[in-house]
Structures are given as structure tokens and as C-alpha cells.
Amino acid sequence: MIPFILLFRKSLISVFGILVTCLTFSAAAADISFTEQERLYLQNAPVIKVHAEKSWHPFNFTEHNQAKGYSNDLIRLVARKAGLKIQFVPGYHWNDYLGMLENGEIDLITNIKITPEREQYALFTQYNPLKAIDGLLTSNEKSHYADFKYLKDKNIAVVRGFSYEELMRTHYPEINLLLTNSTEESVEQLVLGHVDAVLDSYAVLNYYIQRYFISGVKNVPLFDHYVFNHLHQYMGVHRSNPGLRDILNKGLLAVTDEELVQLQKKWSISEEQNEQFVDTSFQQKMPEFSETERRYLQRKGDLNMCVDPNWLPIEGIRDGQYVGMGADFLQLFKQRIANEVHLIKSSSWTETLQLFKEGKCDFIPVISRSEKRERYLDFSYPYLRFPQVLVTKKERSIHKLEQVLDKPLGIVKDYSYKDVFEENYPQGNLREFSSQQAGLNAVESGEIYGFIDSLPVMVRQIQKYYPELKIADKFEHKYALSLAVQESNRVLLGVFNKVIASISVRQHEEIINRWQPLVYDKKNSLTWLWSVLAAAAVICFIFVWRSLLLTRTNRQLLDMQEKLQQLAMRDTLTGLPNHYYSTEVLNKEWARARCSKLPLSVVMLDIDHFKSFNDQYGRLAGDSCLIELARRLQEVINRPADLLARYSGEEFIVILPETSDKGAQALTVDLFAVLQRWALPHKGLPSSSVLTMSAGCATLVYDDKYQADELLRRADSALFKAQEKGYNQMVQYGNN
């Protein structure tokens, strides 16, 4: 009976969840309250020109002349809610778009960081629709370079015009910059060995690593870097257009949380995925130390550590022993290094820091980074992250930290969050205490209004010792905790970075779950049961109705399945295989090439100046041209395994299994001969009076560093070179 009740309870919760979602959506879909000036702008505004980047997956990219990605879907949603008409402007590099916005050639950039240089010509929305974690891509042996001081006199690739360029020149003038036109080009420069690192979005870098099966690299998320992690991305308009900025603000505000979550899931950029800071390629592996690191550990012998004695469940000293999450991670550290670790005891965090400054400790296992501490400490990758919270008396009304800045608040002496607080809230009234207990006692007595500390620490204190207190606010910023060594001890830092990277996600989660205190509401009321029983009949009716509806729909779908399969594989105009089908064939041929070890070739064909052909002779003539050209080209493709497909618009692709570069060139010559014999008039060409085309050829023998898309990229690059050279010619990748 109990499982039955639980099932219905879950069903009721789901029904209520759907109802709430529907109500929220209805509220969001309601008319936005515009000012009279904004309504006039919407009535008279022309189509808003929006930038659409070539290749910044998964946020903003162009595929088959369609603007795709999270940012482009979001502006479509905002435009629909606000009543804006938008038109994407694709085909340019990022630096070009910045110049176009400055010159008024486009109206909107959908994902842009605020920098002093850009503020001279752009206005930015109040709401930041995108929080993309920055990443640093290096080779494995250089993975400890996440701290930029180690990249002095080395080379970093950044996209020309990205905010990274301005920030790197300001904060790291000693690091050499290689400016590229795209993230893809930056990654290629790293693979070729021309640079030591690539700075870009963590998610975008991951996309190219996975797309091209790049091995031997390390992508490090810069969660808490003081330069790169704190700049969110906004929508930007020209300074002369504040009306559009205000309308975008209201449109963004009308987007519901549910809609944002759906977009994040669609493009796989949910916050939980972006915060996986442990590289899974290291899971279940022991760290591989360099010869220098092994000699250091042998000479060093025993290591001494200092800890916070009163910060459970994160860490603490009880009965002379180190306990807490930090202690469990220390056990994993000890499994990976042979050195004994001795605890140097202290009675307070202030004493811990003093012992470290005196050189009595080799490392601190759990500590947060700050600019002041960087003067005498070096920090590892963050491996623990917790939000900070505000604790007050239960009778206090619900509020945010910003609403009580005029009241006295407490924090433990020498905690680094004090610097963050004073920087963000200089008007605040912050007092320091020797321990959490002293601060929470001051809250109970009314000496201070609230106390600030880490979430798991405060939950444990409230549940065990302070039942009359509550967590009033949880801050968005998550506090990152690292391991720290003496500033000059870079070898030991490298050892610990490798040790931390070798800890699997599963091991990490087990430790957190073991110590994370449960937050729950102790209510024994069973009033929900009556609601469950009352809703049971409704739920059953919904299930029956849904089953009948699905049965009828499935019958219709089965009738259409065969037709849809045909449509999915064929281009409706030419009858050739379409883009989707050619991609499937290329992937299969790439897999076959892995076994055969024989070359695989791809030829990309593009009709020269086809737009002018359509403009001069009409679109019907253009369609007839494509149909006849497809028929003539198909006559040249003789081998059963070869495939000719319409790739997009006026572009065709030929897939040639077990074909060398010379074989691909020979076939392309035959294809060009078809056009010469046809001699279809095209008076719009600058150098010919008949229809011509350009071709790019690429050939690869299977290499596990790449996937099939690499052939497409190379063929497309060669095609671009052919068009650059004057059209009506063929270029082989690597010979251009």
C-alpha cells in the first residue's frame, strides 16, 4: 500500500509541476509592458540585423546557412516575446562583427563581454543571458599551466577581437599572443605545435577536441581565475540605440527559467555540465610524475600540512586527528604519493596561516584563492566548490544580502571572502570573529544581524548547535577551494595538480555525499494524502485518454514512416542523396578506412556565381540548371561505392572510397569536362560566358586523431582557396 501511495504522490507532484509550468509560460507570454517610446520604436523599427558567427559551437554558429546555437535560439525567443523582427547576418569573423557594430552596419551582437574598449561604442543589456566558463587548452605535460604565471614568454592563441586579447595585453603583457580568425584555427595552431596554449570558452574548446578526436591535450576550466571567469556575456547594441537595449532587457526578463533550462539542455550547456572540473580522461589513472618531480619527492621525504581546525564538515581537527572532506581527499593523495604527511596542529585559522608564513608547513589542503594570498602561496586546480550563505535568526523576514548591508554582519577572521565582500559591497558593515561559533553566538545574542560562511559548514552548525537560526540567503557565487603550497615550490604544486586530476568524479562525489549534511524540513503532516486521493481519479483519466491518443497517433506514424525515410535520404529537387545521407555514408566509409588502411577522398563542388545566374535567368531556370547538372555529373560517377550528393544549395559533394589524391583529381577533371561540353550560357561571370564551377579535393588515410569531419573541413578549405584564386579551377588540400 505504501509504494502505491508514494507512486501517486509522485504523480501528483508531476501534475502540479506541469500546472505551475503552464501558468508560468502564460505569464511570460502575456504582453510586455512597454513605454510609449518603446511601442513607437517597435512600430517603426526596421528589421534588426543580428550577428551570426561562423563557428563557435555550441553557443553561436552557422550550419547550412542557418544560424544555430544557444545564443541564436535565445534571441529568436526574445524577439518573439518582444515583437522584434530580426535578420541574421552570417559569414564574417568575430573581429569583423565588432567593426560592423561600431559602424552601425549591424544592430545587435547576442553574446559579448563588456570591456572598456567596447563601452566606447556599445550599450549592453542589464541581464546576462550567457555564462560561459573560460578554458585554457594545453598539452598534457603542460597542464599545470592553468596558472598563467607559468606561461611567461610562451605563446597563447586567441581569436582576434575576443575580449581575451584586450585582457591578456593588460594583465599578461609578457605572454606572446597569436591572433586567429576562429577557435578552430586556434586549436589547429596548438595541434601543429605553433602555440603552447589556447584561451577560449571551455565548452567551445571541448567541442573541437571531441569533433576532431584530438588527443594529447588538456582543457582546464578557469572557474575562479580573477581575470577571466568574472566576465559574463551580454547582448550589445550601438550606443545610439538605447531604445533597442531597453526592449531587449524586457524581452530577456520575459523568458522563463523553464525556457532557459530547455535551451541549455538542447545545446548541452547546463551549469552542472560546465562545472565538471575533473577531466574524465584522467579517471581511474594514477598520476605520471616527471623525473624532476620524482627526485623532489624522494629528497623531500615527509610533508607537513596545516589545516583549519574548526571548519567541519569541510575540515577540522578532533581529538588530535584531521577529519572531514579534506581528510578523505588526503587519503586519496596518500595513495598516489609515497611520502608521509604530518599534521601541524593549530587552534584557529589565523594561527594556521601564521604557521604557514613561518615555513612550518609544506601545504594547506583546503584553501580559497585571493590576491593577497597569491603573494606567498601558489594554488592548485579547485577541487571543492560551495556557495556562501547568510545565517540569521528565524524570526527575521526573508531577504537578500543586499537588503541588510546597513546592518552588522560577521565573518571568521582572515577568511578570504572578506576581500570579495568588501570589493562588491564597500558600504557593508563586516565584523571579524575568531571562529564560526563566536560569530553564530553573536547572531543569537543580537550583537550582529547575520553571519556569512560556507553552506555545508553553516548547515551542520545549525542542525547540531543553533536550531533557532536559519539560512536566509545563498549567494550565486560559489566559493572554490584548492590546495596551496609555498609560492616558490612549483614542483610540489605540479605534483598535487596531477594528483588532483587523477581523482575520478565518482570518488569526488562519494566524499561530498559522505560529509554533506542533509537539509530537510521535519514535518510529519500527512495532509498531502487527501490531495493525492482526490487527484487519483483525474490522473487515471489522463492516463487512459493519453493511451488512446497515442494509439491513434502511432497508427498514423507507421503509415508515414516509409515515405519519411525516403524523404530523409533524398534531395527533393535533384533526386540525389542529400546532406544528411552523405554524412552518414562518409562516417561509414571512414570506419571502413580504419580497417582497410586505404585512402578516402572527398571532392566539394560549388557552382560559380550561382546567385547571379538566378538573378539573371530566374529561379526556375536555376532549379532546372541544378537538376540537369546533377544528371550530367552522375554519369561520370561509375563505381558503385562512389557517391554524388547535393550538399547544400549549389554545392555538391563526391565521396570516393579507396581513392588516392591523384584518383580524386582525375575524377574532378572529368567532372569539369562535363561542364565544358554542356556549355550552359552564364553571362554574369567575369571570366567566362558559360557555367563553371570550383572544386576542392581532400584525401586522408585513417588516423585516430581525426574523425570523418576532418575530410569535409579540408575539402571545404581547398574549395575556398580555389574560389580565392579566381574560380573555375580545382585545388587539392595541402597543395595550395
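The values are calculated or read from the model by the stated rules, or taken from the named source; none is laboratory data. Given the structure is predicted, the values throughout are model-derived calculations rather than measurements. Note that each Cβ is placed from the backbone with ideal geometry, even for glycine, and that neighbours are counted across all protein chains shown.
Some observations on this one:
- Residues that are closer than 16 Å to PHE363 by Cα and of a type in the set (A, V, I, L, M), drawn from the stretch 318-336: ALA327, LEU330, LEU332
- Test: residue in the stretch 632-643 that is in contact (Cβ under 8 Å) with a residue 24 or more places away in the chain, in contact with a helix residue (DSSP H, G or I) (Cβ under 9 Å, 6 or more places away or on another chain), under 23 Å from HIS609 (Cα atoms) and assigned to a helix (DSSP H, G or I): yes
- Residue count, the stretch 575-629 (criterion: assigned to a helix (DSSP H, G or I) and either at positive phi or hydrophobic (A, V, I, L, M, F, W, C) (or both)): 14
- Residue ID - farthest from PHE672 (Cα to Cα), chosen from residues in the stretch 630-640 that are out of contact with any Leu (no Cβ under 8 Å at 6 or more places or on another chain) and not basic (Lys, Arg): PRO640
- Per the listing LEU190, LEU130, LEU167, LEU136, the residue uniquely buried (at least 17 other Cβ atoms within 10 Å of the Cβ), of a type in the set (A, V, I, L, M, F, W, C) and modelled with pLDDT under 80 is LEU130.
- Qualifying positions in the stretch 287-302 - closer than 14 Å to LEU493 by Cα and at pLDDT 90 or above: TYR296, LEU297, LYS300
- Check on GLU432, surrounded by fewer than 16 Cβ atoms within 10 Å (Cβ to Cβ), modelled with pLDDT of 90 or more, under 18 Å from SER368 (Cα atoms) and out of contact with any helix residue (DSSP H, G or I) (no Cβ under 6 Å at 6 or more places or on another chain): yes
- Residues in the stretch 295-347 that are among the aliphatic types (A, V, I, L, M), surrounded by 19 or more Cβ atoms within 10 Å (Cβ to Cβ) and in contact with a Cys (Cβ under 7 Å, 6 or more places away or on another chain): MET305 alone.
- Tally of residues being part of a strand (DSSP E or B) and basic (Lys, Arg) across the stretch 364-375: 0
- Annotation for the stretch 684-695: at least one member residue is within 21 Å of ASP642 (Cβ to Cβ) and either hydrophobic (A, V, I, L, M, F, W, C) or not assigned by TED's automatic domain parsing to the domain that holds SER601 (or both).
- So LEU74, is it farther than 30 Å from TYR150 by Cβ, buried (at least 17 other Cβ atoms within 10 Å of the Cβ) and more than 21 Å from the chain's Cα centre (by Cα): no
- Candidate set: the stretch 554-572, residues that are surrounded by 13 or more Cβ atoms within 10 Å (Cβ to Cβ) and either modelled with pLDDT of 85 or more or not in a strand (DSSP E or B) (or both); chosen: the one farthest from the chain's Cα centre (by Cα): ASP571
- Verdict on VAL731 being over 24 Å from ILE214 (Cα atoms), in a strand (DSSP E or B) and either among the β-branched types (Val, Ile, Thr) or under 38 Å from the mean Cα position of the chain (by Cα) (or both): yes
- Residue within the stretch 116-126 that is of a type in the set (Gly, Ala, Ser), over 10 Å from HIS51 (Cβ atoms) and part of a strand (DSSP E or B) present: yes
- Test: residue in the stretch 596-607 that is touching a His at 6+ places or on another chain (Cβ under 9 Å), touching a residue at least 60 places away in the same chain (Cβ under 8 Å) and not aliphatic (A, V, I, L, M): no
- Verdict on ARG646 being in contact with a helix residue (DSSP H, G or I) (Cβ under 9 Å, 6 or more places away or on another chain), more than 23 Å from ASN587 (Cβ to Cβ) and either basic (Lys, Arg) or outside the structural domain of GLU724 (by TED's automatic domain parsing) (or both): no
- Where LEU330 falls short, out of the listed (1) among the aliphatic types (A, V, I, L, M); (2) more than 38 Å from the chain's Cα centre (by Cα); (3) not in a strand (DSSP E or B): (2)
- The criterion of at least 2 residues that are without any contact (Cβ under 8 Å) to a residue 40 or more places away in the chain and among the hydrophobic types (A, V, I, L, M, F, W, C) is met by the following strands (runs of 3 or more DSSP E) wholly inside the stretch 376-439: 429-433.
- Selection count, the stretch 678-705, where residues are in a strand (DSSP E or B) and surrounded by fewer than 16 Cβ atoms within 10 Å (Cβ to Cβ): 2
Residues checked against (1) outside any loop (DSSP other than H, G, I, E, B); (2) of a type in the set (Phe, Trp, Tyr); (3) touching a helix residue (DSSP H, G or I) at 6+ places or on another chain (Cβ under 7 Å); (4) assigned by TED's automatic domain parsing to the domain that holds LEU199:
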{"site": "TYR41", "(1), (2), (3), (4)": "yes, yes, yes, no"}
{"site": "LYS49", "(1), (2), (3), (4)": "yes, no, no, no"}
{"site": "PRO58", "(1), (2), (3), (4)": "no, no, yes, no"}
{"site": "ARG76", "(1), (2), (3), (4)": "yes, no, no, no"}
{"site": "TYR97", "(1), (2), (3), (4)": "yes, yes, no, no"}
{"site": "ILE109", "(1), (2), (3), (4)": "yes, no, yes, no"}
